[in-house]
Amino acid sequence: MQLDVFTLVPHAFAWLTEQRPVAAVLGDELDLRLFNYRDFTPLTGGQVDDEPYGGGAGMVLRVDVVAAAVDAVYGGIPDHRVVALTPQGRQLTQAVVEELAAEERLTLLSARFEGFDERVLIHLASDAISIGPYVLSGGELPAMVVTDAIARRLPGALSEESGLVESFSAELEGGLEYPHYTRPAEFRGWRAPDVLLSGDHRRIDEWRKEQSRLRTPQ
Ligand SMILES: C[S@@+](CC[C@H](N)C(=O)[O-])C[C@H]1O[C@@H](n2cnc3c(N)ncnc32)[C@H](O)[C@@H]1O
């Protein structure tokens, strides 16, 4: 998968690219490219933002700057999916992650300041995604959240342990979440569930599915 991220802070991604799961799939199943809007701005002095028409607080990421970056990389508006990260977008869920992970090429546009000039959302992006109903200072963390969630779904990101889980229950790898315990089996009288210590994978599998169902919000 080719994943392109447009950002004003590309170096923020250094940590992410050193960590699993991204590090495990990078350069192989995941071709992650980071583009800085400032490298493409047609304005002087590296300007990328401007005051909002009509006044108001903060600055806005200019549409001509975003368009210049997109044009330089793709030679025009690409025919693959271009997702703008905004607090008002469609909320990110595991189902949305699966959908994004199935794309061969994907572009994420992140903003800073007061966000994008609205024309970016209308004319340059194909859809908008929010990582939650709150407002962060920039789109870098949302882009990293999306990148991490996608990378986990690529086959090469599976650790040996999760591969083992999958071997006795493909369903469990599909995003279900159940409680995890590790050694010691008992600590201060707090015991791990006996079923997990039983070595009986069929019973463990059933217990995990049940726990997962109990955890899923109705
Ligand atoms: C300070 S926010 C812009 C807030 C803007 N006034 C608004 O309410 O949409 C700057 C940028 O951070 C990113 N961002 C902030 N919160 C986000 C969220 N929950 N999901 C996705 N992107 C977010 C977006 O790219 C946004 O344009």
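A short reminder: the numbers here are calculations on the coordinates, not readings from a lab. Predicted model only: the values in this text are computed from it and were never measured. Cβ coordinates were reconstructed from backbone atoms using ideal geometry, including for glycine residues, and neighbour counts include every protein chain displayed.
Compared with the dominant principal axis of the Cα atoms in the chain, helix 140-153 is inclined by about 40°. Using the Cβ-Cβ distance between ILE122 and HIS80 with R0 set to 22 Å, the FRET efficiency works out to roughly 0.75. Projected over every direction and averaged, the convex hull enclosing the alpha-carbon atoms of the range 97-158 yields 4.8 nm². This model, with +1 at the C-beta of Lys and Arg and -1 at the C-beta of Asp and Glu, gives the chain a dipole about its Cα centre of some 640 debye.
For the chain, relative contact order (Cα pairs under 8 Å, six or more residues apart, normalised by length) works out to 21 percent. Each peptide in 22-28, 79-85 receives the mean, over its residues, of other Cβ atoms within 10 Å, and ordering these scores from highest gives 79-85, 22-28.
Helix 63-74: angle to the longest alpha-carbon principal axis of the chain, degrees 0 to 90, nearest 10? On a 0 to 90 degree scale, this one is about 70. The convex hull around the C-alpha trace of the range 90-129, projected and averaged over every direction, spans 3.3 square nanometres.
Converting phi to 3J(HN,Hα) with the Karplus coefficients 6.51, -1.76 and 1.60 and the offset θ = phi - 60°, the range 101-116 yields 5, 7, 6, 7, 9, 8, 10, 10, 10, 10, 10, 9, 6, 8, x, 7 Hz in sequence order, with x at every glycine or proline. Each helix, a run of at least 4 DSSP H residues, gives -39500 (n - 2.57); summed and divided by the residues of the chain, these come to -9000 deg cm²/dmol at 222 nm.
For the chain, the Cα-based Rg and Dmax, in that order, read 21.2, 67 Å.
Beta-bridge orientation, the chain: approximately 15 percent antiparallel, per DSSP, counting only bridges with both partners inside.
For the chain, the longest principal axis of the alpha carbon atoms and the long axis of helix 201-215 meet at an angle near 50°.
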